[in-house]
Amino acid sequence: MSSSTYDVVVVGAGFAGVTAARELHRRGRRVVIVEARDRIGGRTWTEDTWGRPLEMGGTWVHWVQPHVWAEMTRYGIGAVSSPTPVQAYWLADGRRHAGTADDLMALIDKGMRGTTSEALTYFPTPYQPLAADVPADVDGVSIRTRIEQLELSPEEFDLVEGMWATNFNGATDVGAYTQGLRWCALAGGSWQLMFEACATYKVEGGTGRLVQAMFEDSRADLRLDTIVAAIRHNQEGIVVELTDGTRLEAAHVVVTTPLNALGAIEFEPALSVVKQAAAADGQASSGVKVWARIAGEYEPFVALAPSTSPLTLAQVEHVGDGETLVVMFGSNASLLDGTDRQATQDALAQWIPDVQVIATASHDWVADPLSRETWPMLRTHQLTGALEELQRPEGRVVLAGSDYANGWMGFIDGAIESGMRAARIVSGHAREDLS
Ligand SMILES: Cc1cc2nc3c(=O)[nH]c(=O)nc-3n(C[C@H](O)[C@H](O)[C@H](O)COP(=O)(O)OP(=O)(O)OC[C@H]3O[C@@H](n4cnc5c(N)ncnc54)[C@H](O)[C@@H]3O)c2cc1C
């Protein structure tokens, strides 16, 4: 059995882990990143498929997301825009509809305003969600219950439910209304700006370029294909046990595994009861992201459907050479295998009956044991019942990651924010958290 000693072991080489490693290196710490996959990036993964960078996970960024935008500025990486949708298709009230993107935006406006009108009431300073005066019963309301309170027409209801099923990438009766409010508060209370922040601007050259630049700056040791099995800690320090029997010794450990994958690591002493319960319940996201090349050059479109459909949202990402590249989301991964061309064509046909899918690409993040979720979205009661405890270090163990962020939880921005906080805590520079 071999053993190595570091100041800090960082578990996971996603944006949170790479950020924490870089910040700790800047403070003179000797850091190793231990990553179970054969690559860095975690839930961001730029694949070179079909001759262009395809984002299998996290993609869109925006200047209202200050942490990721600052990193792009730091490394001189720009943003490129997705095509602006002109056409729209929607499935609502049991029927297929077509119109312009503006028609669709007008149809969802009442419901989106209704579901977000309390954003700045509850979250006037959205990077301080724990300081917000949110009653536990409000945090117990699901986004679906909130939609039901709005007296929408059946068509409006289906569309707004589909929008939120897409935003949560999960079931609307599980996702917390407060999570939706937090997103919108971060966009200044505007649902339109929130929508733009979610799906308009991409990292030029791919997210892989950004995470690689950050990693190179970290100068950390990196062990790929290395799975952490157990973390044992006491007053003196930490022992991180790998599945191959290797032991790493360190003064601190930063654990960036997604909440839904946290239960796979044994902790001694055990994590607090609240942390364990949150890990067992998991985040609300349980959906799928699918890319498809379809035959023909379509005018850029956006398409929307309620969560009873295997796909809730589709939008065009590129048109040329007789084909259209479409990115799609479904809120229940068990309803669609995104690697199945025929199944994807059948699902897309709900909007475009004669569509011809040439090929698809997808990764099942929910089945993936290293994530078990897509983008982190809190369930009801988790903001008031679990977030503060999830952020609380246990001795020398600090959880970090988008799953534990104050601001853009569910985004790359949240991962970077949380990685920065973890590095500050480990460095002993923790102050009352004003970020
Ligand atoms: C399909 C999809 C679409 C998304 N779209 C967007 C978007 O458009 N914009 C946006 O900003 N965000 C988006 N996100 C969210 C964003 O990608 C994540 O919030 C962010 O990348 C999470 O970073 P992280 O470092 O917190 O976690 P991760 O990236 O999950 O990193 C954690 C790392 O820990 C590793 N790990 C887990 N267990 C172990 C173990 N036992 N031992 C060693 N290593 C382990 C994992 O392999 C992983 O690399 C999307 C995510 C998905 C999945």
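The values are calculated or read from the model by the stated rules, or taken from the named source; none is laboratory data. This is a predicted model, so every value here is computed, not measured. Please note: Cβ atoms are built from the backbone with ideal geometry, for glycine as well, and neighbour counts cover all protein chains shown. Calculation scope for accessible area: heavy atoms of the full protein, side chains included, ligands and nucleic acids excluded. Shrake-Rupley method; radii C 1.70, N 1.55, O 1.52, S 1.80 Å.
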* **10 Å beta-carbon shell around V80, net charge (K/R +1, D/E -1)** => 0
* Accessible area per residue of the stretch 75-163 at 1.4 Å probe, in Å²? -> 47 Å²
* Taking the Cα atoms only, what angle lies between the long axis of helix 15-26 and the longest principal axis of the chain, rounded to 10 degrees? -> 40 degrees
* Helix 101-116 versus the longest principal axis of the chain: what is the Cα-based angle in degrees, 0 to 90, to the nearest 10? -> 50 degrees
* Compute the distance in nm between two label points, each set 7 Å from the Cα along the Cα-to-Cβ direction, one at Q128 and one at A230. => 4.3 nm
* Structure fact -> Mean accessible area per residue over the stretch 1-71 (1.4 angstrom probe, all protein chains present, square angstrom) is 37 Å²
* Structure fact -> For the chain, the percent of accessible surface on carbon and sulfur atoms (probe 1.4 angstrom, ligands and nucleic acids excluded) is 49 percent
* Structure fact -> A chain fully extended from D137 to S81 at 0.36 nm per residue, minus the present Cα-Cα distance, gains in nm 16.2 nm
* Between beta-carbons, use under 14 Å as the cut-off and find the net charge around A106, counting Lys and Arg +1, Asp and Glu -1. => -3
* Structure fact -> Counting only protein heavy atoms and leaving out ligands, DNA and RNA, the solvent-accessible surface of K202 at a 1.4 Å probe, in Å² to the nearest 10, equals 40 Å²
* Asked: What residues of the stretch 252-279 lie in the reach of a label at R392, counting those whose backbone N is under 14 Å from a point 7 Å from the Cα along Cα→Cβ?
  -> 271-278
* Which value, in debye to the nearest 20, describes the size of the charge dipole of the chain about its Cα centre when Lys and Arg Cβ atoms bear +1, Asp and Glu Cβ atoms bear -1, and nothing else is charged? -> 1200 debye
* So, with +1 on the Cβ of K and R and -1 on the Cβ of D and E, and no other charges, what is the size of the charge dipole of the stretch 199-345 about its Cα centre, to the nearest 20 debye? -> 240 debye
* Structure fact -> Ranked by GNM mean-square fluctuation in the chain (Cα springs under 10 Å), the top entry among Q212, Q350, Q235 is Q235
* How far, in degrees from 0 to 90, does helix 154-168 lean away from the longest principal axis of the Cα atoms of the chain, to the nearest 10? -> 20 degrees
* Structure fact -> Computed from the beta carbon distance with a Förster radius of 35 Å, FRET efficiency for R96 and A264 to the nearest 0.05 stands at 0.25
* Kindly give Rg over Rh for the chain, based on alpha-carbon atoms, with the Kirkwood expression for the hydrodynamic radius. => 0.97
* Asked: Once a ≥ b ≥ c are taken as the square roots of the eigenvalues of the Cα gyration tensor of the stretch 195-353, is the result rounded (a/c under 1.5), prolate (a/b larger than b/c) or oblate (a/b not larger than b/c)?
  -> prolate
* Indicate the gyration tensor shape class of the stretch 111-179 (rounded, prolate or oblate), computed on the Cα atoms with a ≥ b ≥ c the square roots of the eigenvalues: a/c under 1.5 is rounded; otherwise a/b larger than b/c is prolate and the rest oblate. => prolate
* Asked: Can you pull out the GluC sites (Glu not before Pro) in the stretch 104-195 that DSSP calls coil and that have at most 15 other Cβ atoms within 10 Å?
  -> E151
* Asked: From the residues Y127, P85, M420, which one has its Cα farthest along the dipole of the chain in the positive direction, the dipole being from +1 and -1 charges on Cβ of Lys/Arg and Asp/Glu about the Cα centre?
  -> M420
* Answer with one residue from Q382, F215, A197: the one whose Cα lies farthest towards the positive end of the charge dipole of the chain, charges on Cβ with Lys, Arg +1 and Asp, Glu -1. => F215
* Structure fact -> Ranked output for segments 331-339, 51-59, 240-248 by mean other Cβ atoms within 10 Å, highest leading, reads 331-339, 51-59, 240-248
* Structure fact -> For the stretch 105-191, the dipole about the Cα centre with charges only on Cβ (Lys and Arg +1, Asp and Glu -1), to the nearest 20 debye, works out at 300 debye
* Within a Gaussian network of the chain (alpha carbon springs, distance under 10 Å), most fluctuating of A343, A284, A119 -> A343
* Considering the dipole of the chain built from charges on the beta carbon (Lys and Arg +1, Asp and Glu -1) around the Cα centre, which of G287, G188, T246 is farthest to its positive end? -> T246
* Asked: Rounded to the nearest 0.05, what FRET efficiency is calculated for D173 and R209 with R0 set to 25 Å and r the Cβ-Cβ distance?
  -> 0.05
* To do: Provide the gained length on full extension for the span R30 to T121, in nm with one decimal, where the gain is 0.36 nm per separating residue minus the Cα-Cα distance.
  => 28.4 nm
* Distance in nm between pseudo-label sites at A349 and S272 (7 Å out along the Cβ direction from Cα) -> 5.3 nm
* Structure fact -> Percent antiparallel among DSSP beta bridges confined to the chain, nearest 5, equals 65 percent
* Each label point is 7 Å from the Cα along the Cα-to-Cβ direction; what then is the distance between the points at E249 and R219, in nm? -> 2.4 nm
